[in-house]
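The values are calculated or read from the model by the stated rules, or taken from the named source; none is laboratory data. Keep in mind it's a predicted model, so treat the numbers as computed, not measured. Please note: Cβ atoms are built from the backbone with ideal geometry, for glycine as well, and neighbour counts cover all protein chains shown. With ligands, DNA and RNA removed, areas are computed over all heavy atoms of the protein, side chains included. Shrake-Rupley method; radii C 1.70, N 1.55, O 1.52, S 1.80 Å.
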Amino acid sequence: MAVVEEEEGSPPAPAAAADPASSGSSDNEITVEEASFVHTEPPQDGSVPPVVSSNMEVLHDKVKKQVIKEGHGKKPSKFATCFLHYRAWVQGSLHKFEDTWQEQHPIELVIGKEKKQMSGLGIGVGNMRSGERALLHVGWELGYGKEGSFSFPNVPPMADLLYEVELIGFDDVKEGKARSDMTVEERIEAADRRKIEGNEYFKEKKFEEAMQQYEMAIAYMGDDFMFQLFGKYRDMALAVKNPCHLNTAACLIKLKRFDEAIAQCSIVLAEDENNVKALFRRGKARAELGQTESAREDFLKAKKHSPEDKEIQRELRSLAEQDKALYQKQKELYKGLFGPRPEPKPKASNSIVRFWQWLVSLIGYLIKLFKPKNE
């Protein structure tokens, strides 16, 4: 069973068929920042802003930045489409009012076209590099302003803000075409290019960088976008999106992040409950976590749809061997708990037994002898 979806999800339109590794960059070509990403694993529990000891960098009169983790490559230019995760707090009360990590989908922000209340965030992101994580201090003037927000998110008036931000990556498209302005075909093509880049990183065993590309590909096909697709367009999108989830799961298994791998496979199985690769990889992750019965269920279901697959058969044999080993271990454990069986008491010697038998017989004979007979 292949680890990376090389063939699945082939470029859905002629424009995506070119090999990005061999073709030159064009105006619409996606910028790929090499070695610029650490997968968006939520830091700590996120209930309060992180404590950062790095120097404060002044980006604007109302925006300051402290670097938590350095990024790589260049910074996004104006009109670049950035993909990021962030948490936001009111600085005074530390009330957290937004957390995109919890939603498990990065948001899109176009530098220079952000909403007014996110202009401070936009300035901060525009001064970050791919893979960088930073704490931004934003004055209320570049946040929710004098009025605040009393719907969602709930932000009081004149509230200074704190943002913990991670820039996953960006598409530096020169004409400034936002994702929302792309046609269905253009979004799928852009996602497919990201997937191909991710596969190249995977071959080089750069699993974190591969996950960056897969996550950005998935970001092109968010829930709101997929909800609007039907028929062939939905099939085209899933042919790119599902392999990205499966390949992300393969990376996570390599990195021993098994719970996250299970979640990625489950997303695919929600769309295609009989997907053999999703069942196999989820089963493998569950087996690594010791969830033997759940893993066996996944492997058996995968075997039903792919009965000749040798890797599935090998995993099932491995589970059977684990069960046997566990049984032997438990058997030894219980034996140790209750101790060795008591040795049987030695039987009395035969001479003593014969003496008592003789004595009983003698007494019975004497009683019979002297008992008066009835007339």
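Sorted from longest to shortest, the spans of the Cα atoms of segment 134-198 along the three principal axes equal 44, 25, 22 Å.
Carbon and sulfur together cover what percent of the accessible area of segment 56-171 at a 1.4 Å probe radius? Don't jump to the answer; show the numbers that get you there.
Details: 2550 of 5000 Å².
Roughly 51 percent, rounded to a whole number.
Sorting Trp140, Trp358, Trp101 by accessible area puts them as Trp358, Trp140, Trp101; the probe is 1.4 Å, largest comes first, and only protein heavy atoms count. Taken over the C-alpha atoms, segment 69-114 has Rg and Dmax values of 13.1, 36 angstrom. When the Cα gyration tensor is reduced to axis lengths a ≥ b ≥ c, the ratio a/c is 1.5 or higher for segment 56-171, and with a/b above b/c it is classed as prolate. Sequence-ordered 3J(HN,Hα) estimates for segment 87-95 from the Karplus curve with 6.51, -1.76 and 1.60 and θ = phi - 60° stand at 10, 10, 10, 6, 4, x, 9, 6, 6 Hz, glycine and proline given as x. Phi angles across segment 46-62 convert, under the Karplus curve 6.51 cos²θ - 1.76 cosθ + 1.60 with θ = phi - 60°, into 3J(HN,Hα) values of x, 6, 10, x, x, 8, 10, 9, 6, 5, 7, 9, 8, 9, 6, 3, 10 Hz, Gly and Pro given as x. Near Leu59, the amide H atoms lying under 5 Å from its own belong to Lys64, Lys65; only residues 5 or more places off or on other chains count, and H is placed 1.01 Å from N.
Computed with the Debye formula from one identical point scatterer per Cα of segment 239-308, without solvent, the log10 of I(q)/I(0) at q = 0.13, 0.16, 0.26 Å⁻¹ comes to -0.30, -0.46, -1.14.
Once the chain from Leu333 to Leu359 is taken as fully extended at 0.36 nm per residue, the excess over their C-alpha distance is 4.3 nm. The simple Förster model, with R0 at 22 Å and r as the Cβ-Cβ distance, assigns Glu147 and Gln91 a FRET efficiency of 0.80. Hey, which lysines would be in cross-link range of Lys368, C-alpha to C-alpha under 21 Å, not counting anything within fewer than 8 residues on its own chain? Answer for Lys368, where 21 Å is the Cα cut-off: none of the lysines qualify.
Protein chains only, probe 1.4 Å: how do His60, His85 rank by accessible area, largest first?
Details: His60 70, His85 5 Å².
Result of the area sort, largest leading: His60, His85.
At a Förster radius of 56 Å, what calculated FRET efficiency corresponds to the Cβ-Cβ distance of Asp61 and Phe227, to the nearest 0.05? If you can, show how the numbers build up before the last one.
Working: r = 41 Å, r/R0 = 0.73.
Computed FRET efficiency for Asp61 and Phe227: 0.85.
Using the heavy atoms of the protein chains alone and a 1.4 angstrom probe, what is the accessible area of segment 103-236 per residue in square angstrom? Walk me through the numbers before you get to the answer.
Values: 5730 Å² over 134 residues.
Result: 43 Å² of accessible area for each residue.
The solvent-accessible area of Phe152, taken with every protein chain present and a 1.4 Å probe, is close to 150 Å². Taking square-rooted eigenvalues a ≥ b ≥ c of the alpha carbon gyration tensor, is segment 89-248 rounded, prolate or oblate, where a/c under 1.5 means rounded and, failing that, a/b exceeding b/c means prolate? Prolate is the answer for segment 89-248, as a/c is 1.5 or above and a/b outweighs b/c.
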